[in-house]
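The values are calculated or read from the model by the stated rules, or taken from the named source; none is laboratory data. A quick note: this is a predicted structure, and the numbers were derived from the prediction, not measured. Neighbour counts are summed over all protein chains in view; Cβ atoms, including those assigned to glycine, are modelled from backbone coordinates with ideal geometry.
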Amino acid sequence: MNLPWKKADSGNAKNKPRKPHLVFEISLGGAIVYVLIIVVLFLIIWSTQRERESHVRVPDFRSFEQALPSIANLTGAPILAGNSAEVLQNGDGFFPPLFDDIAQAKESIHFETYVWWKGEICDRLAHTLAAKARDGVEVRMTLDATGSNKGDDELFEEMEKAGVKISYYHPIRIQDIGLINNRTHRKVAVIDGKVAYVFGHGMAQEWTGNGQDEEHWRDTGVRLEGPIVNAVQGTFAENWVEMTAEVVAGDKYFPRLAAAGDVRAHVTATSPNGGVARLELLYKLAIASAQKELIIANPYFIPDQELVDLLGRAVKRGVDVKVMVPGKVTDSSVVRHAGHAQFEQLVRRGVKIFEYQKTLNHQKIMIIDGIWSQVGSANFDDRSLDINDEASVGLIDSSVAAQLENAFEKDLRDCTQVDLETWNQRSLWHKLEDKFSYAINEQL
Amino acid sequence: MEIPIWVFALMILSILVLGTMLWTNLRERRFHVSVPELDCFEQALPSIAGMTKAIILEGNKAEILQNGDGFFPALLESIANAKETINFETYVWWSGGICDEVANAFAKRAREGVEVRVMVDAMGGMKMKKYLRDLMTEAGVKLVRYHPLRLIDFGQLNKRTHRKVAVFDGREAFICGHGISRLWTGNGQDKDHWRDTGVKLHGPVVNAVQSVFAEHWIEETGEVLVGEKYFPALDQVGELRMHVLAGAPLGGVSDLELMFKMAIATAQKELLIQNPYFIADGETVSLLKRAVKRGVEVKIMVPGKITDSPIVSHAGHHHFSDMLHSGVRIFCFERTLIHQKILVIDGVWSHVGSTNLDSRSFDINEEAGVGIIDEGIAGELKAAFEDDLKDCEEMKAESWDRGYHLWHRAFDRVCYMLSDQL
């Protein structure tokens, strides 16, 4: 195509009148006004979208128990006593009990997740949920619109036809452009308001099996009973009412729950609200409260400087800090590289970093002093801590912590530890990649 | 200057695109929440607590503070008695009189070594003069303004803290509707002395109020309040069950809006509302009508001629005719501005706080309120309501319609349409 100004030029040569529709007259004043409008619009948009940097100053605690009331209240997650918690490892540990509970559901099944791709497990879950809906059980499912866009439309149709209510969280549409970046990364299920699951698993073949190879990932979830289930239901209900306006209220969703064990538990659910994200606060306070041992397993580990300092401070006061991250097997090498940018500093300060080599280690686990564990959906990066909706459950119980710790120890056998010497010998290219990835990490 | 038309088109397009982006950013998403009919209040309680993420805490005590005469002496006394920490957050703070008195009390305690944190909304505190700020900061009070009016925070401009809370030593809390201004002094006797209500709380619920304060404090200062002087382990001190609701615009449905609507849906016998800014949306109106239909006596008290915001009153009028005809009783308080935000359901459950019944309070501002499950407290608030009724004029459907002229109707409609931002 000819560029219009060329036409205008050639028309100019012989004093011919210009084709009027090709050229537009604009005064200097007009140009200035235009530039002003653009600048102002940019400024406003930037100021509404900008993440207000929050530098949280976390004091050191003397003991975890002493810090607990503060932590629970600061993160909006009051501690509820009298729960039971069962740790579920990998797909083989997670899916069978989930399917069992779904099969036994009498009144309502609520399910929220980010990833719903394709594969046998999706088919099976869809068929099961559809069957339950046909039997008259209320089935509600929140799927992130982005995380589920690779899913099989026929399956969704089958479920909807059977009466499953599906809500796609934050669909990609022009009038919701401001919400596009806010995804639900929560993974929760609540059955009859009495049993709850909080987990890291997505609905895809990768999450089946037992973490045995690159096609079968490593992940962890928990099955909960007791008063804490009300809180998990509240977390599900939040995004449900946002998208569907349906208030789920009544005994079949929020029954009065008797004690089911002696685990104390609290649910931290985050949504970006302009302030300091609760999960960020929780992670930082948890690290600051460790006195003996701090174990972190996370697939996307990009600590900001504050987290690096907190981890360093922990080592200094004598805490054994162990962090497990993915090795070569990762679904996001940019994230992995972004994390690397901080490794040297962390290792130098005495944090032990292990790279898991067998498969993708997708679990999001934190264990503090062998008593307090976190299991959930939140990664250790800005996207999880500031942008996404996440859900994580804290369990205060030494036997739950011991179970998770045993699994961690077992995973260590498939890890290589990052040591400074070999680390610093990584290629210049690798280092550049790390720097670049870290620079853009807020949005990864 | 001559430019090719395609450049011009691009210029227009770029403005349109940016304009759309801005609109989608600032646009309030509308939520038409559908609330099911709930059984009696006790049965609905776990649902209300779960949906609004406000756990019911047992073993508390509450004391109702009516008007300035009930509130300020109690506040000043608590300030004087605090040992380690004072945390205070409010929206309105002017200068002179009571404003100076409160500031002096904070300054005195700060000089005596008490940690004093004061957070004032940057907009509501605009009339606070510099000498007051200096007085406090020089004494060591940590004075912080919420969402200062700065260019880089333009996006936050509309989001104000309307919360009114105070926590002393992490062991005693106030939740109220009062601002710090001469208008809130006195006993609600005339138009320069407003009517308002607050509560003083003891027991485990104080932890929850502290966490409401801490939320904004961390946001503005980065200081994390940890330790027993802020969050002590609190023993049960009474019989009252309570839950604290803190509304914050999260992009979803506001917890306070959910709570109010669910509460209306649970009422079986009686529903009392006192609110200075009552702009019911369609859903609320239909909930109120449903309540009347199932036999609930619904009484709503709103400001009469004395109001600080006539536009809000007019926006509220929009649904009056509809509500009056369906049996909702509406009373206009004529003695002074009623500023309290009170809800009493079935003589059991009451809510006291900062939340107006309009979309600014539900969807935009940061609010705080406490739900109290206790017949004694509900009885006290009901008695006060009935006392206020003596200074009210009841609106009648027929006379309202007769006097409701076309221009008034049109004006109300315009106000109602603007009401999102009022």
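Just a few scattered comments:
- Checking each residue in region B:285-328 for being buried (at least 19 other Cβ atoms within 10 Å of the Cβ), assigned to a helix (DSSP H, G or I) and touching a strand residue (DSSP E or B) at 6+ places or on another chain (Cβ under 7 Å) picks out B:L288, B:A291, B:S313, B:G316, B:F320, B:M323, B:L324.
- Set A:S373, A:S437, A:S384, A:S377: member being without any contact (Cβ under 8 Å) to a residue 40 or more places away in the chain, of a type in the set (S, T, Y) and either surrounded by 18 or more Cβ atoms within 10 Å (Cβ to Cβ) or in contact with a helix residue (DSSP H, G or I) (Cβ under 7 Å, 6 or more places away or on another chain) (or both): A:S373
- Leading residue by the ranking (modelled with the highest pLDDT) among those in region A:77-87 that are surrounded by fewer than 23 Cβ atoms within 10 Å (Cβ to Cβ) and closer than 29 Å to A:D386 by Cβ: A:V87
- Unmet criterion (only one of (1) over 19 Å from A:A378 (Cα atoms); (2) away from chain B (no Cβ under 12 Å); (3) buried (at least 23 other Cβ atoms within 10 Å of the Cβ)) for A:V247: (2)
- Under the condition of being closer than 11 Å to A:L143 by Cβ and either buried (at least 22 other Cβ atoms within 10 Å of the Cβ) or within 11 Å of chain B (Cβ to nearest Cβ) (or both), the residues counted in region A:167-185 number 3.
- Flag if A:R264 is touching a residue at least 40 places away in the same chain (Cβ under 8 Å) and within 11 Å of another protein chain (Cβ to nearest Cβ): no
- Within region A:423-442, the residues that satisfy the criterion of being assigned to a helix (DSSP H, G or I) and farther than 14 Å from A:G339 by Cβ are A:N424, A:L428, A:W429, A:L432.
Residues checked against (1) touching a Gly at 6+ places or on another chain (Cβ under 6 Å); (2) assigned to a loop (DSSP other than H, G, I, E, B); (3) away from chain A (no Cβ under 12 Å):
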| site | (1), (2), (3) |
| --- | --- |
| B:L45 | no, no, no |
| B:A49 | no, no, no |
| B:A54 | no, yes, no |
| B:N60 | yes, no, yes |
| B:I64 | no, no, yes |
| B:G68 | yes, no, yes |
| B:F71 | yes, no, yes |
| B:L76 | no, no, yes |
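- For A:K165: the one exception among (1) within 30 Å of B:T284 (Cα to Cα); (2) within 18 Å of the chain's Cα centre (by Cα); (3) of a type in the set (D, E, K, R): (2)
- Close pairs from region B:293-321: first within 16 Å of B:P276 (Cβ to Cβ), partner charged (D, E, K, R) and at pLDDT below 90, Cβ under 6 Å, at least 6 apart: B:H314/B:D412; B:H317/B:D412
- Some residue of region A:142-156 being hydrophobic (A, V, I, L, M, F, W, C) and under 29 Å from A:V87 (Cα atoms): yes
- Residue in region B:120-137 that is within 14 Å of chain A (Cβ to nearest Cβ), under 24 Å from B:L256 (Cα atoms) and in a loop (DSSP other than H, G, I, E, B) present: no
- Enumeration of residues in region A:267-323 that are in a loop (DSSP other than H, G, I, E, B), modelled with pLDDT of 90 or more, buried (at least 24 other Cβ atoms within 10 Å of the Cβ) and hydrophobic (A, V, I, L, M, F, W, C): A:A290
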